[in-house]
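The values are calculated or read from the model by the stated rules, or taken from the named source; none is laboratory data. A quick note: this is a predicted structure, and the numbers were derived from the prediction, not measured. Cβ sites come from the backbone with ideal geometry, for glycine too, and all protein chains shown count toward neighbours.
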Amino acid sequence: MRVSIIGATGYAGAELLRLLLGHPKAEVVHATSESHTGTPLSEVYPHFLGLFDQPLESMEDIESIAEDSDFIFIGLPAGHAMEIGLAVEEYSVRIIDLGADYRFHDTSVYEAWYKVQHSHADAERVYGLAEIYRNAIKNARIIGNAGCYTTASILALAPLVKEGLIDLDSIVIDAKSGVSGAGRSAKLPNHFPELYDNFKAYGVANHRHTPEIEQALSDLCGTPIVLQFTPHLVPMSRGILSTCYAKLRDDVAADRVDEAFNTMYKNEYFIRLRGRGAYPETKYVRGSNFCDLGWHIDERTNRVIVLSAIDNLVKGAAGQAVQNFNIACGFDEKLGLNMAPMYP
């Protein structure tokens, strides 16, 4: 498959290139960057020296790129992918957007949370969280890759919601992310003296991933869900640990919780069930497409607490995009992704 990366110099774009260069059935034919057009990518990211030295292009002639590609991966901020999707609508190329433009069934939700008018509202699109939307992804022309916090949180809560084991109005998500999730552009809060030896919450009650989590969980149970989501920034480059709380229904025993996770994920290679009483850690998924899950039952409060660990740049972005690419092409989902996590 001939693939192109639009926005190859962001963290997610660079990680995507790393994975695709090791994919036996993908050939990267175009990589773009508006800020580094004409510069060899290996000068921007020296770890690609000798692996990908071709000059970065501009996406100005996106139609030519579309004509020369089977798939276009888009790693741009919100508001840009929809313009590309609109521009290449008449071409047979398929799109995997690592941003938020195509994640929502209802574009009015996107507009309300992202404060951007959607110019491609009628596009046929599928939400790209493989473990839940696999069948729809197979034939989708546009795949809205799931976000990082959302992936960790949805996968943690999906079995409980699907099996009706929790009170739906009791869900609280407390998640922590490494700073690469904020992107590569320079920002004062991510400046080393501001970030190092610090730990802080942000986006309280208004983070953009909230409606995305609500959408997927609502799809699973057929009932609208409203939940509490609070993200935090930790002084590390990669990783997300999402701690999810919910009130168990009165008649739900601990073994039913175990059964729900085992039933839903027993055939999912990239979901590693650590089991009841386990403590997943970001260190054990670093550089991989795995999501590690562990859960605890607090009998005193009758709550279930699920811990979910992913690498935000892989399962939370680029790896998930490659997994969706594999599904869309009919390849083995593990192709290009079957590597052990990096440790330590």
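From the list Asp97, Asp68, Asp101, Asp61, which residue is without any contact (Cβ under 8 Å) to a residue 24 or more places away in the chain and acidic (Asp, Glu)? Talk me through it step by step, then tell me what you get.
Working: Asp97 fails: without any contact (Cβ under 8 Å) to a residue 24 or more places away in the chain; Asp68 fails: without any contact (Cβ under 8 Å) to a residue 24 or more places away in the chain; Asp101 fails: without any contact (Cβ under 8 Å) to a residue 24 or more places away in the chain.
Going through Asp97, Asp68, Asp101, Asp61 in turn, just one is without any contact (Cβ under 8 Å) to a residue 24 or more places away in the chain and acidic (Asp, Glu): Asp61.
Take the conditions crowded, with 18+ Cβ neighbours inside 10 Å, of a type outside the set (D, E, K, R), within 27 Å of Pro77 (Cβ to Cβ) and outside the structural domain of Val252 (by TED's automatic domain parsing) and apply them to Leu155. Does it pass? Reasoning before the result, please.
On the way: crowded, with 18+ Cβ neighbours inside 10 Å: yes; of a type outside the set (D, E, K, R): yes; within 27 Å of Pro77 (Cβ to Cβ): yes; outside the structural domain of Val252 (by TED's automatic domain parsing): no.
No.
If you scan region 108-130, which residues turn out to be over 30 Å from Glu333 (Cα atoms) and charged (D, E, K, R)? Spell out the reasoning first.
Initial filter on region 108-130 (over 30 Å from Glu333 (Cα atoms)): 108-109, 111-119.
Within region 108-130, Glu111, Lys115 meet the criteria.
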- Could you please tell me which pairs satisfy a Cβ distance under 6 Å, a separation of 6+ or placement on different chains, a first residue in region 1-17 that is assigned by TED's automatic domain parsing to the domain that holds Pro55 and at positive phi, and a second residue that is at pLDDT 95 or above and crowded, with 24+ Cβ neighbours inside 10 Å? Gly7/Gly13; Gly7/Gly75
- Message: Considering only region 239-256, I want to know if a residue exists there that is under 26 Å from Arg103 (Cα atoms) and outside any strand (DSSP E or B).
- Response: yes
- Message: As an exercise: evaluate Pro77 against (1) assigned to a loop (DSSP other than H, G, I, E, B); (2) surrounded by 20 or more Cβ atoms within 10 Å (Cβ to Cβ) and give the number of the one condition it does not meet.
- Response: (2)
- Hey, can you tell me all the residues within region 264-299 that are under 19 Å from Met342 (Cα atoms), in a loop (DSSP other than H, G, I, E, B) and of a type outside the set (S, T, N, Q)? Tyr269, Phe270, Tyr279, Pro280, Glu281, Val285, Arg286, Gly287, Phe290
- Query: Given the conditions (1) small (Gly, Ala, Ser); (2) in contact (Cβ under 8 Å) with a residue 24 or more places away in the chain; (3) surrounded by fewer than 18 Cβ atoms within 10 Å (Cβ to Cβ), and given that Gly50 satisfies all but one, which numbered condition is not satisfied?
  - Reply: (2)
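Counting residues that are under 26 Å from Tyr269 (Cα atoms) and either in contact with an Asp or Glu (Cβ under 9 Å, 6 or more places away or on another chain) or modelled with pLDDT of 95 or more (or both), which helices (runs of 4 or more DSSP H) fully inside region 120-225 reach at least 1?
Values: elements: 130-138, 148-162, 192-195, 210-221.
By residue number, 130-138, 148-162, 210-221.
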- Message: Just to be sure I understand, how many residues within region 160-188 are under 21 Å from Asp311 (Cα atoms) and in contact with a helix residue (DSSP H, G or I) (Cβ under 7 Å, 6 or more places away or on another chain)?
- Response: 9
- Item | Where Val44 falls short, out of the listed (1) in contact (Cβ under 8 Å) with a residue 24 or more places away in the chain; (2) surrounded by fewer than 21 Cβ atoms within 10 Å (Cβ to Cβ); (3) touching a helix residue (DSSP H, G or I) at 6+ places or on another chain (Cβ under 7 Å); (4) farther than 24 Å from Gln323 by Cα | (3)
- Message: Yes or no: region 219-228 includes at least one residue that is within 30 Å of Tyr343 (Cα to Cα), outside the structural domain of Trp113 (by TED's automatic domain parsing) and in contact (Cβ under 8 Å) with a residue 12 or more places away in the chain.
- Response: no
- Hey, Ile305 assigned to a strand (DSSP E or B), over 15 Å from Cys148 (Cα atoms), in contact with a helix residue (DSSP H, G or I) (Cβ under 6 Å, 6 or more places away or on another chain) and not small (Gly, Ala, Ser) or not: no
- Restricting region 226-238 to residues that are of a type in the set (A, V, I, L, M) and in a loop (DSSP other than H, G, I, E, B), the one farthest from Leu313 (Cα to Cα) turns out to be Val226
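Could you check region 265-289 and list, in sequence order, the residues that are touching a residue at least 12 places away in the same chain (Cβ under 8 Å), over 26 Å from Ala8 (Cα atoms) and of a type outside the set (A, V, I, L, M)? Outline the logic, then answer.
Taking region 265-289 as the starting set, the residues that turn out to be touching a residue at least 12 places away in the same chain (Cβ under 8 Å) are 265, 268-289.
Then drop every residue that is not over 26 Å from Ala8 (Cα atoms), which leaves 265, 268-269, 271-281, 284.
The answer is Tyr265, Glu268, Tyr269, Arg272, Arg274, Gly275, Arg276, Gly277, Tyr279, Pro280, Glu281, Tyr284.
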- What is the one condition in (1) surrounded by 23 or more Cβ atoms within 10 Å (Cβ to Cβ); (2) in contact (Cβ under 8 Å) with a residue 40 or more places away in the chain that Asp292 does not satisfy? (2)
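Kindly indicate which of Ala175, Ala205, Ala216 is aliphatic (A, V, I, L, M) and surrounded by fewer than 16 Cβ atoms within 10 Å (Cβ to Cβ).
Sole residue among the options that is aliphatic (A, V, I, L, M) and surrounded by fewer than 16 Cβ atoms within 10 Å (Cβ to Cβ): Ala205.
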